[in-house]
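To start, the structure under review is shown below, and the notes come after it.
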Amino acid sequence: MKYSIENFWQAHLNAVQPQQLAKTMTGWAAHRERLDSYVEAGLALRSDKSSLSQPVWLIAAPGAVGKSTLAREICSVTHAVYVDLAAAATVAGNYLTGGLVNAGLLSAWQAGTTTLLIDALDEARLRVTQASFEDFLNDVAQIAHGRSLPVILLGRVGIVEEARKYLDDHCGLPCPVFDIELFDLDQAQAFVWSALGRLAKLNLASTGRMAYPHLVSAMKQHANVYRGAIKDFVNHLAEATSKDGQQFVGYAPVLDAVATVIAAETNVAKVANAVEAVLAGKVLTGVTREIMERESKKVASQVAATVPGLSIDGLYGSEEQLERLASLLFHIAKPASLPAGLPSHAISPYEEAVESLLPQHPFLDGNDPPSPSSAVFGAFIVAASLRSAHTNVVRSAERYAQTGAHAPNPFLLDFYKADVASDSSSIPAAHVGLLYESLQAKTSAGEVARLSAEGEAEGKILDLDMALVSTETGNLSDESAFTVVVDGPLKFGRRVSGINIEAENADVEIGDGGQLEMIAPINIRASSLILTCDQMVVKPDPSPGARDQVVLLEAAEALADISRGAPLVRQGAQLLVSWPGNNGYPWSNFASQGREDDDPRMADAQRALRRLCISFRSHSKGQLARYVGKVEHFRMTKGDLGVALREKLLEDKVLSIAGTMYILDPDALGAMVGLSFQDLKLKRYPVATKAYLSGLLAG
């Protein structure tokens, strides 16, 4: 590998010397042991004009790909100092400068014999204001200035893009960016084998015993069996998931989960069968199903040995396991129900068996208190809990999904979607933001996440679509569609981007009480809008070539009191608001001037045109497209006028049909209708547009 630790990082950081910290500092470490089981993923340097001579480098990856493990391994080999911002109490200006002084590293820093690998950039950003984060980046730029050894920052793709743009625009540092690549097939096989070796040595803190006592000798005596099963799994998984663009075979947490399935099989002759069972269904659900079936059998056999004649059917099923696991993770009361038909004399032996095995469950890490053993298993528990019939479990899962391990979790959406598909049910409004954050956690370089929600004014249902979009081709991937019950507000967190909500029947709540970031493009039209924040920062879309830089907020009523002054709008972005009272402070400078015509018939035509055209989204090869069923739905047309407008636009070649999609030609929209896509979004209707619509109304 071109940018491997051995071939690249050691050479570029060869001036670094081992250091000792003058005192213990939370999140700072000068010495790290190498992991025997570490399998290195590839790195790709983005092909832009940035030079490796720059004093700040960036490393980006989707969630749960192994950024932190890579950073620690680089530090263990090169002796660079590891800084974990996730453990820092706060991050702001002088954090690094002061840290170097307090750690006793300033002399080595000035001599050019040490450097920093700074991890968890995204976690740090979520805990501080925009100003504090920018002060931190200024501090990075200042301490790195003029150095030959780079300071290296690691984070998820979105925050790395933001940091790159700020350092370039405000500090004059066009930083090079490396992207961590998913494992290829050979690396995936090596990772599963290595993970098995790690599991073979795993001691459970709760019991002090080996988690898989058979595994050490089994791997030595039957290495070919294990390696053959691993190879079959990786090859079959790559083939099975290549059609829909999923790259599960390259994700470390998925491979970790598969290693757990293999490790749990004590009969070597059945290892291949365990792999086949996983591949029989969808990958993630197959992994989790196989593990839970084995755990059920463990409990059943243990109880049957102490209660002769007991029927073991239905004991310790998947639903019960997930409820008990949720009680441990969320620190809530364990479920009161027991398996149906369990006789009274078997209750005590059953509870004893479950309580002894639950802390050793493969979904848990064996620590006290426990955490999920991987992002995959954590997502599975949370997704099932979000769909629970018990309100306290659902609320606890919602809190955990926002703040727990691996939050936001890139696998949550997959499990949640599979659960919804199994019973064709709708989802509550409160979960929309959690699922969208899960999708955003999957974004790789060259991708953005987009969400669209639409509903009728008098209805209680929303159609929700979300997908990843390539910034180069416009192609969609990881598409999801849900029916949302409007049983409360659509809730989003403190960082929102790429959402389009046309829902006069719904309320929207954004923020968590602190600073709120809104990143274009955003279009919200709702019954009521609640901004739960003390400050708002509006930013442009950092994607190369992004054209829509508007954040447009419309509501029949709004609760939008910001205690810390007017919204801060960054250069390149535009904020427009429209609700009663928006002419007062702090919104008066951002009040939208766009409006429909005074003539009711013309206003209806303008609304129909706007509703139709702004519903189109980037699709294949940069086209603006929309599924035929969506465009022709009554929710879109709202009667004869909408139908007539659609037919007129088809006749004038503004719209066309390609297979299952309508295509909108923005050039034809300007030439024939007399306005741009942006004009429509801002409700600016030129004279030429009114003339076009007048002809429609007259006909």
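Identify, from the list 36, 84, the residue that is more than 27 Å from the chain's Cα centre (by Cα) and acidic (Asp, Glu).
36
Kindly provide the set of residues from the stretch 350-392 that are part of a loop (DSSP other than H, G, I, E, B), without any contact (Cβ under 8 Å) to a residue 12 or more places away in the chain and more than 27 Å from residue 426 (Cβ to Cβ), ordered by number.
Across the stretch 350-392, the qualifying residue is only 365.
If I filter the stretch 568-583 for residues that are surrounded by fewer than 18 Cβ atoms within 10 Å (Cβ to Cβ) and touching a Ser or Thr at 6+ places or on another chain (Cβ under 8 Å), do I get at least one hit?
no
For the stretch 393-437, what are the residues that are among the small types (Gly, Ala, Ser), farther than 25 Å from residue 127 by Cα and outside any helix (DSSP H, G or I)?
Correct list: 424, 425, 426.
Quick one: residue 545 ticks every box in (1) modelled with pLDDT of 90 or more; (2) closer than 26 Å to residue 449 by Cα bar one, so which box is it?
Exception for residue 545: condition (1).
On the basis of being under 19 Å from residue 72 (Cα atoms) and assigned by TED's automatic domain parsing to the domain that holds residue 121, does residue 15 make the cut?
When the stated conditions are applied, residue 15 passes them.
Name the one entry in 172, 158 that is at pLDDT below 90, under 30 Å from residue 96 (Cβ atoms) and small (Gly, Ala, Ser).
158
Could you look through the stretch 329-349, keep only residues that are assigned to a helix (DSSP H, G or I) and among the hydrophobic types (A, V, I, L, M, F, W, C), and pick out the one that is surrounded by the fewest Cβ atoms within 10 Å (Cβ to Cβ)?
Looking at residues that are assigned to a helix (DSSP H, G or I) and among the hydrophobic types (A, V, I, L, M, F, W, C), I get 347.
Is it true that some residue in the stretch 424-434 is modelled with pLDDT of 90 or more, crowded, with 19+ Cβ neighbours inside 10 Å, under 18 Å from the mean Cα position of the chain (by Cα) and not hydrophobic (A, V, I, L, M, F, W, C)?
yes
Looking at the stretch 385-411, which of its residues are over 18 Å from the mean Cα position of the chain (by Cα) and either among the polar types (S, T, N, Q) or more than 13 Å from residue 332 (Cβ to Cβ) (or both)?
Within the stretch 385-411, 385, 387, 388, 389, 391, 392, 396 qualify.
Residues in the stretch 1-24 that are of a type in the set (A, V, I, L, M, F, W, C), over 30 Å from residue 199 (Cβ atoms), touching a residue at least 24 places away in the same chain (Cβ under 8 Å) and surrounded by fewer than 17 Cβ atoms within 10 Å (Cβ to Cβ): how many?
Qualifying residue count for the region: 3.
If you take just the helices (runs of 4 or more DSSP H) that sit entirely in the stretch 252-328, which of them hold at least 2 residues that are crowded, with 17+ Cβ neighbours inside 10 Å and polar (S, T, N, Q)?
Correct list: 283-306.
Which condition number in (1) surrounded by 15 or more Cβ atoms within 10 Å (Cβ to Cβ); (2) free of Cβ contacts under 8 Å to residues at least 40 places away in the same chain is the one that residue 693 fails?
(2)
Could you tell me which residue of the stretch 202-231 is surrounded by the fewest Cβ atoms within 10 Å (Cβ to Cβ), considering only residues that are basic (Lys, Arg) and not in a loop (DSSP other than H, G, I, E, B)?
Per the stated criteria, the residue is 220.
Look through the stretch 141-168, keep the residues that are part of a loop (DSSP other than H, G, I, E, B) and of a type outside the set (S, T, N, Q), and return whichever of them is nearest to residue 61 (Cα to Cα).
So the residue we want is 150.
Which one of the conditions (1) crowded, with 20+ Cβ neighbours inside 10 Å; (2) among the aliphatic types (A, V, I, L, M); (3) free of Cβ contacts under 8 Å to residues at least 40 places away in the same chain does residue 562 fail to meet, given that it meets all the rest?
Only one criterion in (1) crowded, with 20+ Cβ neighbours inside 10 Å; (2) among the aliphatic types (A, V, I, L, M); (3) free of Cβ contacts under 8 Å to residues at least 40 places away in the same chain is unmet by residue 562, namely (1).
Please state which one of 66, 42 is surrounded by 14 or more Cβ atoms within 10 Å (Cβ to Cβ), on the phi > 0 side of the Ramachandran plot and modelled with pLDDT under 95.
Sole residue among the options that is surrounded by 14 or more Cβ atoms within 10 Å (Cβ to Cβ), on the phi > 0 side of the Ramachandran plot and modelled with pLDDT under 95: 66.
What pairs come up if the first residue lies in the stretch 585-607 and is closer than 21 Å to residue 678 by Cα, the second is exposed (fewer than 13 other Cβ atoms within 10 Å of the Cβ) and of a type outside the set (A, V, I, L, M), and their beta carbons are under 7 Å apart, counting only those six or more places apart or on different chains?
Once the first residue is closer than 21 Å to residue 678 by Cα and sits in the stretch 585-607, its partners that are exposed (fewer than 13 other Cβ atoms within 10 Å of the Cβ) and of a type outside the set (A, V, I, L, M) give 591/583.
For the stretch 660-667, indicate whether the set of residues that are surrounded by 15 or more Cβ atoms within 10 Å (Cβ to Cβ), within 26 Å of residue 577 (Cβ to Cβ) and within 38 Å of the chain's Cα centre (by Cα) is non-empty.
Yes, the conditions are met somewhere in the stretch 660-667.
The values are calculated or read from the model by the stated rules, or taken from the named source; none is laboratory data. Since we're looking at a predicted model, the values are computed, not measured. Methodologically, a virtual Cβ is constructed for each residue, glycine included, from the backbone with ideal geometry; neighbour enumeration extends over all protein chains shown.
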